Amino acid sequence: MQRLNNKIYQEYTTYPEKVLQFGEGNFLRGFIDWQIQVLNEKTDFNGSVVVVQPRGNNKIERLNNQDGLFTLYLQGIKEGQLVNQHQVIESISRGINLFTDYPEYINLAGTEDLRLIVSNTTEAGIVFDPSDQLEDRPQKGFPGKLTAFLYHRFMAFAGDGRRGCIIIPCELIERNGEKLREIVLQYASNWNLGDEFIEWVENANAFCSSLVDRIVPGFPFDSYKEKIEQLGYEDELMVVGEQYHLWVIEGPEWIKNELKVEGTGLNTLIVDDLTPFRVRKVRILNGAHTAMTPVAYLSSLSTVEESVNNEEIGRFIREMIEEEIIPTLEGPKTELSSYADDVISRFANPYIKHYLMSIALNSISKFQTRNLPALLDYVEKNNTLPKRMVFSLSSLLYFYRGKRGNDVIELQDDMVNVQFFKTHWGKFEQLELTMKELVNIILAEKRLWGMDLTSIPNLEPTVCTNLLTIYEMGVKEALKELFETSI
């Protein structure tokens, strides 16, 4: 069977390269690249996407082997009906491997058509790395790579203010556009790139904070053979996502003239303030994802659908959202509860196989940004701990022990974090630390949580009690005890 490429896809169209995308993963392809295709089909956008990888892997090669083409399945509820649609996405022109083709990256910086830069490098991606230098090929971190790109663009056009870019990060951190801009300016200063470049970054470029919402589980491992028999070609980059989508971009009004989303059917909003959208979505949808993952996975479940349909885990998720997350949010309770019901329905989408281990990527930073703010707000408002959220935190600490029964959990996180947990869990199992000492060390580690969690009243002893029960009896039994004490 042939592989998908522009020779067998006869409708293949080429467009000017207007978008630089940091990230080749499932989400951006099933969200941003799909939207670019819609804009090409329904407006005069007339642009394609050049993809670079934020970390080293072989997806760029696979992307180029398929001429940037991939099949997107959108499956779920649309206008009250179950819908299963698929299409070939042709908005990606090519991928550039920064480790082997860095000169191409520099050349792209000097092209006139380029206008938009998007990214999704996870919450851990927008950070300052003092070891990155302009001379590196490439820099290790995404902001360093972006700063170098902007500097080469600035030089290529002699500081022309008309050649700036609209930069829209999609990472799920608060004020992601502002944070990215701050780091770029920090590099510009540290690298001594000059006042004119700093002024150009500030005045010629628009750094827009944004919020994204679509569940994109990625490659359909369970149904791939069935799908390629239907399609008649192989596709290593096939992506499955849900029908629902939302992209909220906080930026100046003039961006609407360049992203003409109105009338396209896209649920993309350009607004003055995305805060209400962000807090609701991050705490309810992303927060529930992150909180359920260690609890459900350690209960021998594999997907979100299984989790929400499981009697105990489903109850845990619903009660946590309704009783511990929604009370921390501002706005009409009926609207928040309605949104939460929609989220649960999306979690239960029978078409979507959203694997918990996919969500588990960088779980520590995700808990810090998605769940910890709600936990802190709950404590402040109620002067007591949110029991289910704390149970999730306890389960997360056990998850980072790296074992589920006799099976090894392949932790996907910064290796410094993985080694931190491996070291201290190892000391506990060698009887060099008590459970109380282990919990104290982990919760007090500001690098993990952005604060010393032992400062939260009663958190440390509660986590210790939970963790000891999980260690001795397993998550399922510990969860039963939680339900009994919550009645």
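Where a number appears in this text, it was derived from the coordinates with a stated rule and is not lab data. As the structure is a prediction and not an experimental result, all values here were calculated from the model. Neighbour counts are summed over all protein chains in view; Cβ atoms, including those assigned to glycine, are modelled from backbone coordinates with ideal geometry.
Convert each backbone phi in region 270-281 into a coupling constant with the Karplus relation 6.51 cos²θ - 1.76 cosθ + 1.60 (shift: θ = phi - 60°), then list the ³J(HN,Hα) values in order as whole Hz, x for Gly and Pro.
Using θ = phi - 60°, the values come out as 10, 10, 7, 8, 9, 3, x, 5, 5, 4, 4, 5 Hz.
Treating only the Cα positions of region 275-486 as identical point scatterers, give the base-10 log of I(q)/I(0) from the Debye formula at each q in 0.08, 0.13, 0.18 Å⁻¹.
The computed values of log10 I(q)/I(0) come out as -0.25, -0.69, -1.40.
Roughly how many nanometres apart are two label points built 7 Å out from the Cα toward the Cβ at GLU319 and GLU11?
4.9 nm
For the chain, what is the relative contact order in percent, using Cα pairs closer than 8 Å and at least 6 residues apart in sequence?
Relative contact order of the chain: 13 percent.
If amide hydrogens are placed 1.01 Å from N in the peptide plane, which non-local residues have theirs closer than 5 Å to the one on ILE167?
ILE117, ALA206, PHE207, CYS208
Find the relative contact order for region 61-186 and round it to a whole percent, using C-alpha pairs within less than 8 Å whose residues are 6+ positions apart.
With pairs under 8 Å counted, the relative contact order is 22 percent.
Enumerate the calculated ³J(HN,Hα) couplings along region 431-444 in order (Karplus 6.51 cos²θ - 1.76 cosθ + 1.60, θ = phi - 60°), each rounded to whole Hz, writing x wherever the residue is Gly or Pro.
6, 8, 10, 7, 4, 4, 5, 4, 5, 4, 4, 5, 5, 7
For GLY95, which sequence-distant residues (separation of 5 or more, or a different chain) have an amide H within less than 5 Å of its own amide H, given hydrogens modelled in the peptide plane?
Excluding prolines and chain starts, which carry no amide H, the hits are VAL51, ASN64.
Please report the antiparallel percentage of the DSSP beta bridges confined to the chain, to the nearest 5.
40 percent
Straight-line reach only, C-alpha to C-alpha below 27 angstrom: list the lysines that LYS140 could link to, leaving out same-chain residues fewer than 8 apart.
LYS18, LYS59, LYS179, LYS366, LYS422, LYS446
Around TRP425, under 10 Å between beta carbons, what's the net of Lys plus Arg minus Asp minus Glu among the other residues?
Working: positive: ARG401, LYS403, LYS422, LYS427; negative: GLU429.
Here the count lands on +3.
I'd like the FRET efficiency for MET1 and THR111, computed as 1/(1 + (r/R0)^6) with the beta carbon distance as r and R0 of 51 Å, rounded to 0.05.
Efficiency, from the Cβ-Cβ distance: 0.90.
Add -39500 (n - 2.57) for each DSSP H run of 4 or more in the chain, then divide by its residues: what number comes out at 222 nm, to the nearest 500 deg cm²/dmol?
It comes out at -13000 deg cm²/dmol, rounded to the nearest 500.
If you take Cα Rg over 2.2 N^0.38 Å from the coordinates, which of [x] 1.00; [y] 0.95; [z] 1.09 do you get?
[x]
State which entries of LYS281/LYS381; LYS381/LYS403; LYS353/LYS381 exceed 27 angstrom in Cα-Cα distance in the structure shown.
LYS381/LYS403; LYS353/LYS381
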